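The values are calculated or read from the model by the stated rules, or taken from the named source; none is laboratory data. Predicted model only: the values in this text are computed from it and were never measured. FYI the Cβ positions are ideal-geometry reconstructions off the backbone, even for glycines, and counts take in every protein chain you see. These accessible areas exclude ligands, DNA and RNA; they are computed on the full protein's heavy atoms, side chains included. Shrake-Rupley method; radii C 1.70, N 1.55, O 1.52, S 1.80 Å.
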Amino acid sequence: MEIYADHAATTKLSPAAAKAYAETAAVYYGNPSSLHSAGQRAQEQLIACREEIASILNVSPREIYFTSGGSESDNQAILSAAHAGAKKGKKKIISTAIEHHAVLHTLEKLKKEGFEIVLLPVGTRGIVSTDDLEAAIDGETALVSVMAANNEIGTIQPIAEIGAVCKRHGVLFHTDAVQAVGHIPVDAKAIGCDYLALSAHKFGGPKGVGVLYCRTGAPLTPLIEGGAQERGKRAGTEDLPAVAAMTAALKESVADMGATEALLRRLQDRLIAGLEEIPHCALNGDRHCRLAGNTSFCFEGIEGESLLLLLDEKGIAASSGSACTSGSLDPSHVLLAIGRVHDVAHGSLRLTLGKENTEEDVDYIIRSVKEVVGYLRNMSPVWRDLQEGKRTYIL
Ligand SMILES: *Cc1c(COP(=O)(O)O)cnc(C)c1O
């Protein structure tokens with residue numbers, strides 16, 4: 001039994017994307033910047049991909065920049081807007097407490113450069129309030145950066161409303177739409193954002209390729225100097241096979257979006273209902289305003305890491321919210337932001353399903369989580385204290 005339930009971390013390369021990658025690598029091997037025919041044929045393919053992606057996002061092909069993925073796109077958008085703002089004496093950036101580290105760490109860097117960083121709260125539902133945003137915007141504000149959908153708890157942010165607020169105040173707006181594109185409709189024109197980041201490997205494309213949408217007229221400075229690729233904003237020979245694979249994956253995801261969403265909602269409802277039978281647990285993030293693929297829970301009295309390892313032994317690939325990548329055991333900033341206390345935040349589990357998952361997978365996951373949570377609680381001194389009334393339950 002092998003169940004992949006970590007689609008928010010990355011997805012398997014889709015067959016259409018793999019085919020596009022192999023064909024493009026074999027046939028369009030020329031450098032798109034070369035003047036000979038092999039180069040020009042590659043250039044034509046690159047143009048076609050740019051047009052396809054632009055049309056899906058409802059923007060102009062001239063506003064599409066190919067990058068190495070979500071992190072690079074987030075970095076470039078934020079640094080470009082911040083430094084352009086600073087030149088006009090605007091050194092305030094407004095974002096949220098639940099952004100991806102690609103955004104938060106870039107903001108920390110800017111803070112060291114003297115920028116004022118305001119992180120808006122998201123409440124227990126995990127959704128930012130446009131009133132809070134509007135109250136925070138002032139004449140010093142250079143940029144607002146709010147993600148379209150959260151990678152840990154799946155909550156969908158009101159980015160169209162945020163886009164309207166930013167426009168009204170004449171403030172640049174970036175949205176990290178990495179978890180949204182290919183999963184829910186994303187129309188950059190309708191959102192009214194100045195920048196938008198997306199990443200291919202979150203919707204069946206390859207790792208290491210993505211897009212930065214930058215509205216014509218919005219400031220954009222290169223992170224990588226060198227050649228004149230991407231209209232001088234991103235040097236380096238374009239990875240055409242990866243771009244072609246990303247384009248194929250995006251086309252397919254968008255075409256199947258309705259059917260995939262319906263399937264994932266059904267699976268999500270079943271999964272949430274099943275896991276809620278476990279005592280002293282709670283769903284993280286708003287129940288309704290969330291990505292169909294995302295189910296995130298906290299279980300009291302256990303450690304998320306042990307839960308993950310035991311689920312892996314049962315063939316289930318899941319994730320927790322803890323950012324233990326740096327060796328620290330800091331609980332997830334997202335779970336803390338929605339009001340989970342440290343102990344509870346440590347017992348988190350993120351299950352993110354994709355279109356290959358089935359009802360049988362969900363039933364197996366529910367059975368396994370029930371078993372493993374029970375097993376871990378039986379061994380937990382914290383759980384014993386809770387049961388004996390020496391501590392009080394939080395969930
Ligand atoms: C995955 C992810 C990123 C980073 O994208 P990469 O292509 O892996 O660099 C950024 N933001 C969000 C919300 C993500 O889920």
Relative contact order [Cα under 8 Å, 6+ residues apart], the chain, whole percent = 21 percent
inquiry  = Angle check, please: helix 159-169 long axis (alpha carbons) against the longest principal axis of the chain (alpha carbons), in degrees 0 to 90, nearest 10.
reply    = 60 degrees
request  = Using only the alpha carbons, work out the radius of gyration and Dmax of the range 257-387 in angstrom.
outcome  = 14.4, 47
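Could you calculate the contour length gain from Val27 to Tyr364, that is, 0.36 nm times the residue separation minus the distance between their Cα atoms, to one decimal place in nm? Write down the numbers at each step before the final one.
Values: separation 337, 0.36 × 337 = 121.32 nm, distance 4.37 nm.
Stretched fully, the Val27-Tyr364 segment lengthens by 117.0 nm.
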query = When averaged across all projection directions, what area in nm² does the alpha-carbon convex hull of the range 177-323 cover?
reply = 11.8 nm²
query = What FRET efficiency do you get for His36 and Ala190 if R0 is 35 Å and r is their Cβ-Cβ distance, rounded to the nearest 0.05?
reply = 0.30
ask   = If you roll a 1.4 Å probe over the heavy atoms of the protein chains, what accessible area per residue do you get for the range 257-387, in Å²?
value = 43 Å²
request  = Specify the inter-centroid distance of the range 160-231 and the range 54-115, based on alpha-carbon positions, in whole Å.
outcome  = 9 Å
key: Charged-residue dipole, Cβ positions (Lys, Arg, Asp, Glu), the range 15-254 about Cα centre, Debye nearest 20   = 380 debye
remark   = Taking N as the number of residues in the range 35-119, the ratio of its alpha carbon radius of gyration to 2.2 N^0.38 Å works out to 1.44
request  = Would you kindly derive the ³J(HN,Hα) couplings of the range 270-276 from the backbone phi angles with the Karplus curve 6.51 cos²θ - 1.76 cosθ + 1.60 (θ = phi - 60°), listing them in order in whole Hz, with x for Gly and Pro?
outcome  = 5, 5, 5, 4, x, 6, 5
request  = Above 13 angstrom, tally the Cα pairs of the range 228-291 and express them as a % of all pairs, no decimals.
outcome  = 76 percent
message = How long are the semi-axes of the equivalent ellipsoid of the range 1-156, defined as square roots of 5 times the Cα gyration tensor eigenvalues? Whole Å, largest first.
response = 36, 23, 13
inquiry  = Please compute, for the alpha-carbon atoms of the chain, the extent along each of the three principal axes and give them in descending order in Å.
reply    = 75, 51, 36
key: aspartates and glutamates whose Cα lies under 19 Å from that of Lys355, excluding same-chain neighbours fewer than 8 positions away   = Glu2, Asp6, Glu152, Glu252, Asp256, Glu261, Asp269, Asp363
ask   = Counting DSSP beta bridges with both partners in the chain, what percentage is antiparallel, nearest 5?
value = 55 percent
remark   = Here P(r) for the range 130-216, Cα-Cα distances in 5 Å bins, as whole percents, is 3, 15, 26, 23, 18, 10, 4, 2, 0
ask   = Sorted by mean Cβ packing within 10 Å, highest first, what order do the peptides 355-364, 66-75 take?
value = 66-75, 355-364
Between 0 and 90°, nearest 10: helix 15-27 axis offset from the chain longest Cα axis = 30 degrees
task = Determine the gain in length on full extension of the stretch Glu134-Ala86; use 0.36 nm per residue of separation and subtract their C-alpha separation, reporting nm with one decimal.
result = 15.2 nm
For the range 18-114, accessible area per residue (1.4 Å probe, heavy atoms of protein chains only), Å² = 47 Å²
ask   = Put +1 on the Cβ of each Lys and Arg and -1 on the Cβ of each Asp and Glu in the chain; which of Cys298, Gly208, His346 then has its Cα farthest toward the positive end of the dipole?
value = Gly208
message = If you roll a 1.4 angstrom probe over the protein chains with everything in place, what fraction of the accessible area of the range 257-387 belongs to carbon and sulfur, to the nearest %?
response = 53 percent
request  = Kindly report, to the nearest 10 Å², the accessible surface of Arg265 as traced by a 1.4 Å probe over protein heavy atoms only.
outcome  = 60 Å²
Sulfur and carbon atoms: percent of accessible area, the range 15-254 [1.4 Å] = 53 percent
